[in-house]
Amino acid sequence: MPAIPPLRLGVNVDHVATLRNARGGRVPDPVRAALLAIEAGADGITAHLREDRRHIRDEDMARLKAEISKPLNFEMAATAEMLQIALATQPHAACLVPERRTEVTTEGGLDVIGQRDALGPFIARLNDAGIRVSLFIAADPAQIEMAAKLKSPVIEIHVGAWCDAVVEGQKQKAEAEWQRIVAGAKLAQSAGLEVHAGHGLDYVTAEAISALPEIVELNIGHFMMGEAIFVGLPQTIRDMRAAMDRGRKSLRGHVRS
Ligand code: PXP
């Protein structure tokens, strides 16, 4: 059986900034949350600088880059403004996401096929700058193949529909979404892409998805920040890490075709 790669936990600190911005001022500080998350076992920090700056702001991103010791994943729309900020910030990674002003959160994956003419040079600029590009896409074979064609080294599979179906107890839908994710992860890996997953994960879904050996990073925010209110951020990180480890360990003894 081939070695199972380790699974990284990327912690999204956007909603610490959401809470801060509800009152204005400086607290709670997303950079403090990032430092605490790293101390508790996070492998990286994700932050999304939205066009409307509804949570993370420019100075948060600059401070994250300056103050954290683990990789920074800069989530962004593929716009000229964000490209300029990313090139100036030099994060470890840039995750390109679709963005609509009216959405509450990132609602779907990027349409890599429809936007290939614009995304190709955009990805190339980031690749040339040494920033590891990830495209946030649905587990759709055609989108995955286009991501590889455009030379994105990484994709992040949008697992929100699966997570919602699990939480709502919609068994058939959950199973169909799960099968899409399993097939998508395999296809992406065979196309030479590194595979991440994110959106809507909680302890249950994170444990389940950790059993897919093709996936090497999970990016999780909302659920963990909610849990942190009740049990604290370090405990939440440790509990999530334990759920991921349980899922990964379940792979031992299974030879997957
Ligand atoms: N990955 C990406 C690309 C996202 O846009 C988000 C949401 O900001 C997440 C992961 C984290 O999702 P959640 O906050 O639901 O855990």
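The values are calculated or read from the model by the stated rules, or taken from the named source; none is laboratory data. Because the structure is a prediction, the values reported are computed rather than measured. When we count neighbours, we look across all protein chains shown, and the Cβ atoms used for this are built from the backbone with ideal geometry, even at glycine.
Does Gly226 satisfy the criteria of being modelled with pLDDT of 95 or more, small (Gly, Ala, Ser) and not in a loop (DSSP other than H, G, I, E, B)? It is true that Gly226 is modelled with pLDDT of 95 or more, small (Gly, Ala, Ser) and not in a loop (DSSP other than H, G, I, E, B).
Suppose we filter Arg26, Arg50 for residues that are of a type in the set (Lys, Arg) and more than 14 Å from the ligand (Cβ to nearest atom); which single one remains?
Only one candidate passes the filter, namely Arg26.
Yes/no matrix, rows are residues, columns are (1) buried (at least 20 other Cβ atoms within 10 Å of the Cβ); (2) β-branched (Val, Ile, Thr); (3) out of contact with any helix residue (DSSP H, G or I) (no Cβ under 9 Å at 6 or more places or on another chain):
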residue: Gln172; (1), (2), (3): no, no, no
residue: Gln179; (1), (2), (3): no, no, yes
residue: Asp202; (1), (2), (3): no, no, no
residue: Pro213; (1), (2), (3): yes, no, no
residue: Glu217; (1), (2), (3): yes, no, yes
residue: His222; (1), (2), (3): no, no, no
residue: Ile237; (1), (2), (3): yes, yes, no
residue: Met244; (1), (2), (3): yes, no, no
residue: Leu251; (1), (2), (3): no, no, yes
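The number of residues in the stretch 165-211 that are in contact with a Ser or Thr (Cβ under 7 Å, 6 or more places away or on another chain) and not in a loop (DSSP other than H, G, I, E, B) comes to 2.
Any residue that is in contact with a Lys or Arg (Cβ under 8 Å, 6 or more places away or on another chain) and within 13 Å of the ligand (Cβ to nearest atom) - is there at least one of those in the stretch 209-219? For the stretch 209-219, residues in contact with a Lys or Arg (Cβ under 8 Å, 6 or more places away or on another chain) and within 13 Å of the ligand (Cβ to nearest atom): present.
Quick check on Pro5: is it more than 21 Å from Asp202 (Cα to Cα), of a type outside the set (Asp, Glu), in contact (Cβ under 8 Å) with a residue 60 or more places away in the chain and surrounded by fewer than 22 Cβ atoms within 10 Å (Cβ to Cβ)?
Values: more than 21 Å from Asp202 (Cα to Cα): yes; of a type outside the set (Asp, Glu): yes; in contact (Cβ under 8 Å) with a residue 60 or more places away in the chain: yes; surrounded by fewer than 22 Cβ atoms within 10 Å (Cβ to Cβ): yes.
Yes: the conditions hold for Pro5.
The single condition among (1) touching a residue at least 24 places away in the same chain (Cβ under 8 Å); (2) closer than 18 Å to Val167 by Cβ; (3) within 17 Å of the chain's Cα centre (by Cα) that Asp239 does not meet is (3). Every listed requirement among (1) within 16 Å of the ligand (Cβ to nearest atom); (2) on the phi > 0 side of the Ramachandran plot is met by Lys151 save one, (1).
Residue pairs whose Cβ atoms lie under 6 Å apart, sitting 6 or more positions apart in sequence or on different chains, and linking a residue in the stretch 26-40 that is touching a residue at least 60 places away in the same chain (Cβ under 8 Å) to a partner that is crowded, with 19+ Cβ neighbours inside 10 Å, are Ala33/Val13; Ala33/Val16; Leu36/Leu233; Ala37/Val11; Ala37/Ile237; Ala40/Ile237. Based on what the data block shows, is Gly226 within 13 Å of the ligand (Cβ to nearest atom) and exposed (fewer than 15 other Cβ atoms within 10 Å of the Cβ)? In short, yes. Among the residues of the stretch 42-68, those identified as in a loop (DSSP other than H, G, I, E, B) and in contact with a Leu (Cβ under 7 Å, 6 or more places away or on another chain) are Ala42, Asp43, Ile56, Ile68.
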